[in-house]
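The values are calculated or read from the model by the stated rules, or taken from the named source; none is laboratory data. As the structure is a computational prediction, the values presented were derived from the model and not from experiment. Every residue, glycine among them, receives a Cβ derived from its backbone with ideal geometry; neighbour counts consider all protein chains shown.
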Amino acid sequence: MDIYVIGTELQVAEIGNKISEGHTLKLIDDVNEINASNEVAVFDFIFDDSPDDLERYAGFSNVNLFINSTRISLTELTFFAGAPQFNLYGMAGDPTFLERPILEISAHYQNKNNTEDLLAKLGIESIIVNDRVGMVTPRIIAMIINEAYFTVMEGTASREDIDTGMRLGTNYPMGPFDWAGKWGIGNIYDLLESLYLDTKDERYKISPLLKQEYLQQS
(Lines give C-alpha, C1' and ligand atoms only; values in the text may rest on other atoms or scores of the structure.)
Protein backbone atom coordinates (compact mmCIF):
# COMPACT_ATOMS: atom_id res chain seq x y z
CA MET A 1 0.00 0.00 0.00
CA ASP A 2 1.18 3.55 -0.67
CA ILE A 3 1.51 5.49 2.59
CA TYR A 4 1.69 9.28 2.60
CA VAL A 5 2.83 11.43 5.52
CA ILE A 6 1.98 15.12 5.72
CA GLY A 7 4.33 16.44 8.38
CA THR A 8 8.07 16.22 9.01
CA GLU A 9 10.94 13.87 8.20
CA LEU A 10 10.94 12.77 11.85
CA GLN A 11 7.27 11.79 11.65
CA VAL A 12 7.96 9.87 8.43
CA ALA A 13 10.70 7.95 10.26
CA GLU A 14 8.43 7.22 13.22
CA ILE A 15 5.63 5.92 10.98
CA GLY A 16 8.21 3.96 8.99
CA ASN A 17 9.30 2.21 12.18
CA LYS A 18 5.73 1.01 12.76
CA ILE A 19 4.72 -0.36 9.38
CA SER A 20 5.66 -3.71 7.90
CA GLU A 21 7.73 -4.24 4.76
CA GLY A 22 6.12 -4.12 1.34
CA HIS A 23 4.62 -0.62 1.64
CA THR A 24 5.90 2.58 0.06
CA LEU A 25 6.32 5.62 2.31
CA LYS A 26 6.40 9.19 1.01
CA LEU A 27 6.54 12.64 2.64
CA ILE A 28 4.25 15.14 0.92
CA ASP A 29 3.28 18.77 1.51
CA ASP A 30 -0.30 18.75 0.28
CA VAL A 31 -3.21 16.37 -0.30
CA ASN A 32 -3.05 17.15 -4.02
CA GLU A 33 0.08 14.98 -4.19
CA ILE A 34 -1.89 11.87 -3.16
CA ASN A 35 -2.49 9.31 -5.89
CA ALA A 36 -5.57 7.48 -4.63
CA SER A 37 -6.33 5.42 -7.71
CA ASN A 38 -5.79 2.45 -5.36
CA GLU A 39 -6.23 2.17 -1.60
CA VAL A 40 -3.77 4.39 0.30
CA ALA A 41 -3.10 5.43 3.90
CA VAL A 42 -2.46 9.04 4.85
CA PHE A 43 -0.99 10.19 8.17
CA ASP A 44 -1.79 13.91 8.36
CA PHE A 45 0.12 15.63 11.17
CA ILE A 46 -0.79 19.17 10.17
CA PHE A 47 -4.52 18.52 10.57
CA ASP A 48 -5.67 21.16 13.05
CA ASP A 49 -8.84 19.54 14.45
CA SER A 50 -10.99 21.73 12.21
CA PRO A 51 -13.96 20.42 10.22
CA ASP A 52 -12.71 22.59 7.36
CA ASP A 53 -9.62 20.39 7.08
CA LEU A 54 -11.78 17.39 6.18
CA GLU A 55 -12.92 19.22 3.05
CA ARG A 56 -9.41 18.81 1.64
CA TYR A 57 -10.09 15.08 1.39
CA ALA A 58 -13.45 15.34 -0.38
CA GLY A 59 -13.58 12.83 -3.22
CA PHE A 60 -10.77 10.61 -1.88
CA SER A 61 -12.86 7.46 -1.44
CA ASN A 62 -9.81 5.15 -1.39
CA VAL A 63 -8.08 6.99 1.45
CA ASN A 64 -7.57 5.67 4.99
CA LEU A 65 -6.93 8.94 6.83
CA PHE A 66 -5.16 9.00 10.22
CA ILE A 67 -5.19 12.30 12.12
CA ASN A 68 -3.87 13.32 15.52
CA SER A 69 -7.27 13.46 17.23
CA THR A 70 -6.45 13.87 20.90
CA ARG A 71 -8.21 17.25 21.16
CA ILE A 72 -11.49 16.38 19.44
CA SER A 73 -13.50 13.22 18.91
CA LEU A 74 -13.93 11.99 15.35
CA THR A 75 -17.69 11.90 15.87
CA GLU A 76 -17.77 15.56 16.87
CA LEU A 77 -15.46 16.49 14.02
CA THR A 78 -17.69 14.88 11.39
CA PHE A 79 -20.88 16.13 13.04
CA PHE A 80 -19.95 19.60 11.81
CA ALA A 81 -18.26 18.55 8.55
CA GLY A 82 -20.60 15.76 7.50
CA ALA A 83 -19.92 12.04 7.17
CA PRO A 84 -16.67 11.41 5.27
CA GLN A 85 -16.50 9.39 2.05
CA PHE A 86 -13.17 7.95 3.19
CA ASN A 87 -12.13 5.89 6.22
CA LEU A 88 -11.25 8.10 9.19
CA TYR A 89 -9.07 7.13 12.13
CA GLY A 90 -7.56 8.98 15.08
CA MET A 91 -4.16 8.45 16.64
CA ALA A 92 -2.15 9.68 19.61
CA GLY A 93 0.35 11.52 17.42
CA ASP A 94 1.79 14.17 19.73
CA PRO A 95 5.50 14.10 20.65
CA THR A 96 6.41 11.16 22.97
CA PHE A 97 3.24 9.23 22.07
CA LEU A 98 3.92 8.54 18.42
CA GLU A 99 7.34 7.09 19.23
CA ARG A 100 5.92 4.48 21.63
CA PRO A 101 6.05 0.85 20.36
CA ILE A 102 2.25 0.56 20.43
CA LEU A 103 0.23 3.19 18.59
CA GLU A 104 -3.04 4.26 20.19
CA ILE A 105 -5.80 4.32 17.55
CA SER A 106 -9.47 5.30 17.50
CA ALA A 107 -11.92 4.86 14.65
CA HIS A 108 -14.87 6.81 13.32
CA TYR A 109 -18.03 4.89 14.11
CA GLN A 110 -18.54 4.10 10.41
CA ASN A 111 -15.13 2.39 10.21
CA LYS A 112 -15.06 0.30 13.40
CA ASN A 113 -15.43 -3.01 11.58
CA ASN A 114 -12.52 -2.26 9.22
CA THR A 115 -9.97 -1.04 11.76
CA GLU A 116 -8.31 -4.29 12.83
CA ASP A 117 -7.97 -5.55 9.25
CA LEU A 118 -6.40 -2.28 8.09
CA LEU A 119 -3.92 -2.13 10.96
CA ALA A 120 -2.96 -5.75 10.36
CA LYS A 121 -2.43 -5.00 6.67
CA LEU A 122 -0.15 -2.10 7.56
CA GLY A 123 1.65 -4.16 10.20
CA ILE A 124 1.07 -1.54 12.89
CA GLU A 125 1.14 -2.81 16.47
CA SER A 126 -1.67 -0.89 18.09
CA ILE A 127 -4.38 -0.68 20.69
CA ILE A 128 -7.84 0.43 19.61
CA VAL A 129 -9.56 2.79 22.05
CA ASN A 130 -12.94 4.51 22.14
CA ASP A 131 -13.45 7.70 20.16
CA ARG A 132 -13.14 10.20 23.00
CA VAL A 133 -11.35 13.51 23.52
CA GLY A 134 -7.86 12.76 24.88
CA MET A 135 -8.09 9.07 23.95
CA VAL A 136 -6.53 7.15 26.92
CA THR A 137 -2.81 7.66 27.50
CA PRO A 138 -2.66 11.37 26.57
CA ARG A 139 -5.65 12.04 28.83
CA ILE A 140 -4.01 10.28 31.81
CA ILE A 141 -0.57 11.84 31.35
CA ALA A 142 -2.03 15.34 30.88
CA MET A 143 -3.97 14.97 34.13
CA ILE A 144 -0.86 13.78 35.99
CA ILE A 145 1.19 16.70 34.66
CA ASN A 146 -1.55 19.12 35.67
CA GLU A 147 -1.64 17.68 39.19
CA ALA A 148 2.15 17.98 39.37
CA TYR A 149 1.86 21.70 38.57
CA PHE A 150 -0.74 22.08 41.35
CA THR A 151 1.64 20.30 43.75
CA VAL A 152 4.51 22.65 42.95
CA MET A 153 2.24 25.69 43.15
CA GLU A 154 1.12 24.61 46.64
CA GLY A 155 4.74 24.20 47.77
CA THR A 156 4.37 20.50 48.58
CA ALA A 157 7.38 19.37 46.55
CA SER A 158 9.87 20.60 43.95
CA ARG A 159 9.74 19.70 40.29
CA GLU A 160 12.88 17.60 40.67
CA ASP A 161 11.45 15.67 43.62
CA ILE A 162 8.19 15.00 41.79
CA ASP A 163 10.02 13.74 38.69
CA THR A 164 12.23 11.49 40.81
CA GLY A 165 9.28 10.18 42.81
CA MET A 166 7.29 9.29 39.69
CA ARG A 167 10.23 7.54 38.02
CA LEU A 168 11.28 5.54 41.07
CA GLY A 169 7.92 5.14 42.79
CA THR A 170 5.71 4.29 39.79
CA ASN A 171 8.32 3.20 37.23
CA TYR A 172 7.16 5.85 34.76
CA PRO A 173 9.64 6.37 31.91
CA MET A 174 9.74 10.10 32.70
CA GLY A 175 8.64 12.38 35.48
CA PRO A 176 5.71 14.71 34.73
CA PHE A 177 7.86 17.81 34.22
CA ASP A 178 10.37 16.00 32.05
CA TRP A 179 7.43 14.61 30.05
CA ALA A 180 5.88 18.08 29.78
CA GLY A 181 9.11 19.45 28.31
CA LYS A 182 9.23 16.77 25.64
CA TRP A 183 5.50 16.79 24.89
CA GLY A 184 5.20 20.58 24.74
CA ILE A 185 3.34 22.81 27.18
CA GLY A 186 1.11 24.13 24.38
CA ASN A 187 -0.06 20.63 23.48
CA ILE A 188 -0.82 19.87 27.13
CA TYR A 189 -2.70 23.12 27.68
CA ASP A 190 -4.82 22.63 24.55
CA LEU A 191 -5.65 19.03 25.52
CA LEU A 192 -6.62 19.91 29.11
CA GLU A 193 -8.78 22.78 27.85
CA SER A 194 -10.52 20.43 25.39
CA LEU A 195 -11.03 17.80 28.10
CA TYR A 196 -12.52 20.32 30.52
CA LEU A 197 -14.87 21.71 27.87
CA ASP A 198 -15.93 18.17 26.94
CA THR A 199 -16.42 16.76 30.43
CA LYS A 200 -16.62 19.72 32.85
CA ASP A 201 -14.62 17.45 35.16
CA GLU A 202 -12.59 19.39 37.74
CA ARG A 203 -9.67 16.95 37.25
CA TYR A 204 -8.95 18.70 33.97
CA LYS A 205 -9.22 22.28 35.20
CA ILE A 206 -5.90 23.84 34.26
CA SER A 207 -3.44 24.68 37.03
CA PRO A 208 -2.76 28.45 37.22
CA LEU A 209 0.98 27.72 37.17
CA LEU A 210 0.68 25.60 34.01
CA LYS A 211 -1.45 28.32 32.42
CA GLN A 212 1.14 30.95 33.34
CA GLU A 213 3.93 28.95 31.70
CA TYR A 214 1.79 28.40 28.62
CA LEU A 215 1.10 32.11 28.27
CA GLN A 216 4.78 32.97 28.77
CA GLN A 217 5.77 30.61 25.94
CA SER A 218 3.00 31.72 23.56
*Considering each residue of the stretch 169-181, count those that are surrounded by fewer than 16 Cβ atoms within 10 Å (Cβ to Cβ) and assigned to a loop (DSSP other than H, G, I, E, B), and give that number.*
2
*Conditions: (1) surrounded by fewer than 16 Cβ atoms within 10 Å (Cβ to Cβ); (2) among the small types (Gly, Ala, Ser); (3) in contact with a Phe, Trp or Tyr (Cβ under 6 Å, 6 or more places away or on another chain). Ser158 meets all but one. Number of the miss?*
(3)
*Are there any pairs with C-beta distances below 6 angstrom linking a residue in the stretch 109-136 that is within 11 Å of Met91 (Cα to Cα) and free of Cβ contacts under 8 Å to residues at least 24 places away in the same chain to a residue that is polar (S, T, N, Q) and crowded, with 16+ Cβ neighbours inside 10 Å, with the two at least 6 apart or on different chains, and if so which?*
Ile128/Thr115
*Just a yes or no: is a residue in the stretch 103-115 among the hydrophobic types (A, V, I, L, M, F, W, C), within 19 Å of the chain's Cα centre (by Cα), surrounded by fewer than 15 Cβ atoms within 10 Å (Cβ to Cβ) and within 30 Å of Ala36 (Cβ to Cβ)?*
no
*Among residues belonging to the stretch 182-218 that are among the basic types (Lys, Arg) and not in a helix (DSSP H, G or I), point out the one that is farthest from Val133 (Cα to Cα).*
Lys205
*Tally of residues being surrounded by 13 or more Cβ atoms within 10 Å (Cβ to Cβ), touching a helix residue (DSSP H, G or I) at 6+ places or on another chain (Cβ under 9 Å) and not in a helix (DSSP H, G or I) across the stretch 48-62*: 2
*Restricting the search to the stretch 137-158, which residues are free of Cβ contacts under 8 Å to residues at least 40 places away in the same chain and within 28 Å of Glu14 (Cβ to Cβ)?*
Ile140, Ile144, Ala148
*Before we move on, is Asp53 under 19 Å from the mean Cα position of the chain (by Cα) and modelled with pLDDT under 95?*
yes
*Quick one: which residue in Thr8, Thr78 is under 28 Å from Ile141 (Cβ atoms), exposed (fewer than 14 other Cβ atoms within 10 Å of the Cβ), in contact (Cβ under 8 Å) with a residue 24 or more places away in the chain and not assigned by TED's automatic domain parsing to the domain that holds Met143?*
Thr8
